[in-house]
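Here the structure is laid out as structure tokens; the discussion comes afterwards.
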Amino acid sequence: MLGNFSYHNPTKLYFGDDSLKYLNDELPKYGKTVQLIYGGGSIKKNGIYDAVVEILKSNGKTIVEDPGVMPNPTVEKLNEGVKLARDNKTDLLLAVGGGSCCDYAKAVSVSVNCEDDPWDKYYIRFEEPDCEIVPVACILTMSGTGSEMNAGSVITNHTQKLKIGHVFGDNVMPKFSILNPKFTLSLPKRQMIAGIYDIFNHICEQYFSGEDDNTSDYIAEALMRSVVHSSIIAAENPQDYEARSNIMWTATWALNTLISRGKTTDWMVHMLGQAVGAITDATHGMTLAAVSLPYYRMIMPFGVKKFARFATEVWRVDPDGKSDEQLAQEGLSEMENWMNKLGLTMNITDLGATESDIEAIADATIILDGGYKVLGRDEVVQILKESL
Ligand code: NZQ
Ligand code: ZN
């Protein structure tokens, strides 16, 4: 049964290889000063920066440069961006990059007109914004997080060894996002596959919970099949536009609030992965890949029917003569084969974590209770040890 819910997604999307031109339609709706947010320079190498700046200039905008958003944006960078926006009276925060730029723009958006310390207010006390929010827009260059059409914003605090996400309300979602699959073609292969696993795991996080029959799980299965299919093509030939365009679109639908409607969700792989990220600063998708199999093998007995369904519906395992347990195990083995084939990092050692980090990672792991098993501290430690 589907539970009760409301559904509203205010982000307008422009998708396709000519989608950047629609920036011209959107810019007149906002004030003169645009804070141009980007990362470590990839957009200068692949020409996206020049194309965006030309459109901003032809629309008479004043550009406030805000470069240097690092993967896993930090609290120090957030504070810098807030000051820049205050000093320049920014009217629009335009993120050009991956999830890190987009998440960072959202964190700045809720902090510019707020007197409290943003980290304490939003990431420790989990308060909602009670101040004017500066509008955010996104030109996406990497598929994975879904940040282009959701209200999530993840910030890392290295001093406190914490990486925490806040899912804000509709009013923090990008007003519009431009998704041109061609913009993702310059992505290094390692980042591409990390993004692919991030997409797949977002779907898993919303799929592995609950026992009821609901439409969201069927949509999730279709999305998972699409990601697996396109990922194999893209891993062979990263320049395959068809595969990359499908991956980009699935990423958006994997985490734009649709497939969580009317059901419970898990999100423990993300809690473990974020804790690994807080200690290692590793690539987000890889942190998820490194902890996933030990986690899913631990919780599988508590949700065996769903894991059996995952095997037959996503991986097309033949159910003939097999018990649910056998099917469930085969499904996870199929997933493991696929992950290895893509070339994902499958352990936290290769991400820079050692046995001596386990306690700190366990300390940083937030325990959620929506999945098939609520983990105790010992189980978190066990999963992390099995992930080494
Ligand atoms: O900084 P530049 O030079 O642009 O390089 C980036 C960065 O090094 C590079 N890149 C991006 N597009 C490129 C490109 N390089 C060449 N060509 C391109 N077209 O890729 C690297 C990674 O970028 P980043 O934005 O960090 O990756 P991603 O999109 O995976 O975002 C990761 C962040 O998003 C958070 C993660 O925790 C992490 O902090 N998440 C946000 C979520 C949300 N908003 O809902 C959910 C996710 O689960 C995730 O937690
Ligand atoms: Zn993720």
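The values are calculated or read from the model by the stated rules, or taken from the named source; none is laboratory data. Fair warning: this is a prediction, and the values are worked out from it, not measured in the lab. Note that we place each Cβ from the backbone using ideal geometry, even for glycine, and neighbour counts take in every protein chain shown.
Computed values, structure above
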item	result
Residue identified as touching a helix residue (DSSP H, G or I) at 6+ places or on another chain (Cβ under 8 Å), part of a helix (DSSP H, G or I), modelled with pLDDT of 95 or more and away from ligand 1 (no atom under 16 Å from the Cβ) among Leu272, Leu327	Leu327
Out of Lys341, Lys322, sole residue that is out of contact with any strand residue (DSSP E or B) (no Cβ under 9 Å at 6 or more places or on another chain), more than 14 Å from ligand 2 (Cβ to nearest atom), outside the structural domain of Gly99 (by TED's automatic domain parsing) and touching a residue at least 24 places away in the same chain (Cβ under 8 Å)	Lys341
Residues being in a loop (DSSP other than H, G, I, E, B) and of a type in the set (Lys, Arg) - total across the range 200-226	0
Residue that is surrounded by the fewest Cβ atoms within 10 Å (Cβ to Cβ) [pool: residues in the range 343-388 that are small (Gly, Ala, Ser) and not in a helix (DSSP H, G or I)]	Gly376
Some residue of the range 79-91 being over 26 Å from Pro238 (Cβ atoms) and within 14 Å of ligand 1 (Cβ to nearest atom)	no
From Met224, Met173, Met142, Met192, residue being away from ligand 1 (no atom under 15 Å from the Cβ) and among the hydrophobic types (A, V, I, L, M, F, W, C)	Met224
Filter result for the condition that a residue is touching a His at 6+ places or on another chain (Cβ under 8 Å) and either under 27 Å from Thr280 (Cα atoms) or modelled with pLDDT of 95 or more (or both), over Thr74, Thr90	Thr74
Criterion violated by Pro71 - all others in (1) in contact (Cβ under 8 Å) with a residue 60 or more places away in the chain; (2) assigned to a loop (DSSP other than H, G, I, E, B); (3) in contact with a strand residue (DSSP E or B) (Cβ under 9 Å, 6 or more places away or on another chain) satisfied	(3)
Those residues of the range 156-199 which are closer than 22 Å to Ile367 by Cα, part of a helix (DSSP H, G or I) and among the β-branched types (Val, Ile, Thr), in sequence order	Ile199
